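Presented below is the structure to which this report refers.
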Amino acid sequence: MQHKLSGKRALITGSGRGIGRAIAIELAKNGADIIVHYLGNVKSAEQVKKQIEALGGSCSIIQADLCKPETLEGFIRKIGDVDILVLNASVQYRNQWENISLEEFYDQINCNLLASMLLIQQAVPYMRKKHWGRIITIGSVQEAKPHPDMLVYSASKAAQTNMVKSLAVQLAKDGITVNNVAPGAINTDRNKDVLEDKEYYKKVTDSIPAGFIGEPADCAGIVSLLCSEEGRYITGQSIYVDGGKCL
């Protein structure tokens, strides 16, 4: 194992699967102690934990519904202070804008934006004391090219990135960097059903200059860089990992 992040504790929300899982494993490979957050699939979270422990890393798991702000009261105090906060969990509904319900709106805004702010508020005091911290939000290519059937999702991700830019300026003096990583079309279980449609798959790949769908691991490397000392001079940025789709 590499040890660039030895002695650092990292919380990755939504890390029982997909991009979050890949990030958790990558940070563990670099020596960080990992906290895997999940919503409902405890078996998947436990599999990530076992995989990290098999690599010689340290990992714990915690459950919380980020759509419900009240569940986040004292969340960081419960798990212990963290040096690295990766805000990956999100909710995504596909619906025409005329048919969006209040429940769909609030679930996406609460999880994709409000939960990020609440967790940052709780994590920053410890980071300030240490004069070291890394906060990374996971956005979306939809910040640049919103999907017509995901109005609230794309809006929530754009709002989260604007929050990143504001906080990066305010926290830089405290040794805390704040950045956004925006994936494009990634081969995750969330996208599995739609990408199995050959016509839709071709439409998506045709819109990507690189010509192929990315894998979760493609997003993990840049997150690892931003968490490391090599990334200490990068803050307030939104970095697209999308094969050029945002262009």
Of the residues that make up the stretch 50-60, is at least one within 19 Å of the chain's Cα centre (by Cα), more than 25 Å from Ser154 (Cβ to Cβ) and hydrophobic (A, V, I, L, M, F, W, C)? yes
List pairs: first residue in the stretch 234-247 and in contact (Cβ under 8 Å) with a residue 24 or more places away in the chain and surrounded by fewer than 17 Cβ atoms within 10 Å (Cβ to Cβ), second residue of a type in the set (A, V, I, L, M) and in a loop (DSSP other than H, G, I, E, B) anywhere in the structure, Cβ distance under 6 angstrom, at least six positions apart or on different chains. Gly244/Ala210
Is the stretch 53-66 home to any residue that is of a type in the set (Val, Ile, Thr) and surrounded by 21 or more Cβ atoms within 10 Å (Cβ to Cβ)? no
May I ask you to list pairs of residues, at least six apart or on different chains, whose Cβ atoms are under 6 Å apart, with the first in the stretch 70-90 being more than 24 Å from Ser156 (Cβ to Cβ) and surrounded by fewer than 24 Cβ atoms within 10 Å (Cβ to Cβ) and the second being charged (D, E, K, R) and modelled with pLDDT of 95 or more? Asp83/Lys8; Asp83/Arg9
With the first residue restricted to the stretch 132-151 and required to be without any contact (Cβ under 8 Å) to a residue 60 or more places away in the chain and among the aromatic types (Phe, Trp, Tyr), and the second required to be surrounded by 22 or more Cβ atoms within 10 Å (Cβ to Cβ) and part of a strand (DSSP E or B), Cβ contacts under 8 Å at 6 or more apart or on different chains are Trp132/Ile176
Tell me, which residue of the stretch 211-235 that is in contact with a Pro (Cβ under 9 Å, 6 or more places away or on another chain) and either hydroxyl-bearing (Ser, Thr, Tyr) or outside any loop (DSSP other than H, G, I, E, B) (or both) is farthest from Asn30 (Cα to Cα)? Gly214
Arg128 vs (1) more than 23 Å from Cys246 (Cβ to Cβ); (2) among the basic types (Lys, Arg); (3) in a loop (DSSP other than H, G, I, E, B): all pass except (3)
Going by the conditions given, is Ala168 free of Cβ contacts under 8 Å to residues at least 12 places away in the same chain and more than 15 Å from the chain's Cα centre (by Cα)? no
Out of (1) surrounded by fewer than 18 Cβ atoms within 10 Å (Cβ to Cβ); (2) of a type outside the set (Lys, Arg); (3) within 20 Å of Cys219 (Cβ to Cβ), what's the single condition that is false for Ile34? (1)
All but one of (1) within 21 Å of Val178 (Cα to Cα); (2) within 17 Å of the chain's Cα centre (by Cα) hold for Tyr126; which doesn't? (2)
Is the stretch 194-206 home to any residue that is surrounded by fewer than 14 Cβ atoms within 10 Å (Cβ to Cβ) and closer than 24 Å to Lys29 by Cβ? no
For residues in the stretch 155-180 being surrounded by fewer than 23 Cβ atoms within 10 Å (Cβ to Cβ) and small (Gly, Ala, Ser), which is nearest to Glu103 (Cα to Cα)? Ala155
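The values are calculated or read from the model by the stated rules, or taken from the named source; none is laboratory data. Quick caveat, the model's predicted, so the values are computed rather than measured. Cβ: placed from backbone, ideal geometry, glycine included. Neighbour counts: every protein chain shown.
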